[in-house]
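Here the structure is laid out as structure tokens; the discussion comes afterwards.
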Amino acid sequence: DDSDLDASDSDLDGEGSDDDSDDDDDDEAALQAELAKIRKEREDAKLKAEREAAAEDEKRMEEAALVGNPLLNASAGGGGGASGKIKRKWNDDVVFRNQAKGEPDQNKKRFINDTVRNDFHKRFLNKFIR
């Protein structure tokens, strides 16, 4: 019996190896198809996430532009100004402005051909000698 069983096993091994290689090829093809499907799904998910991020960035930029522009805020009735006017400083319509800044003649550069008496030399002496 044992010899008969061994002989039949050897025959099955020969035929089984062909079947195993066919099964292995089928399994490998199925795994490759599954891998390709997973890669495609990941790529699609990545592209979708990028599109959503781009749309979110665009929406945020547009919202920032609308909020940052007081003219659009006032015209759209956004929560910025109650009366729809742009806030102005209290001294915008004053007739005499910039009076406390001093004499404008001191700020102007004047040309003196003498290197000892020119403005740069005087400032240098005031800064470093005194």
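Derivation of every value follows stated rules applied to the coordinates shown; laboratory data play no part. Everything numeric here is computed off the predicted structure, so don't read it as measured data. Note: ideal-geometry Cβ built from the backbone for every residue, glycine included; neighbour counts use all protein chains shown.
A few remarks follow.
- The string of couplings for the range 39-54 from the Karplus curve (6.51, -1.76, 1.60, θ = phi - 60°) is 4, 5, 5, 5, 5, 4, 5, 5, 5, 5, 5, 5, 5, 5, 5, 5 Hz, one whole number per residue in order, with x for Gly and Pro.
- The 3J(HN,Hα) values that the Karplus relation (6.51, -1.76, 1.60; θ = phi - 60°) gives for the range 21-30 are, in residue order, 5, 5, 5, 5, 5, 5, 4, 5, 5, 5 Hz. Gly and Pro appear as x.
- With both labels modelled 7 Å from their Cα along Cα-to-Cβ, the R117 to D22 distance reads 11.6 nm.
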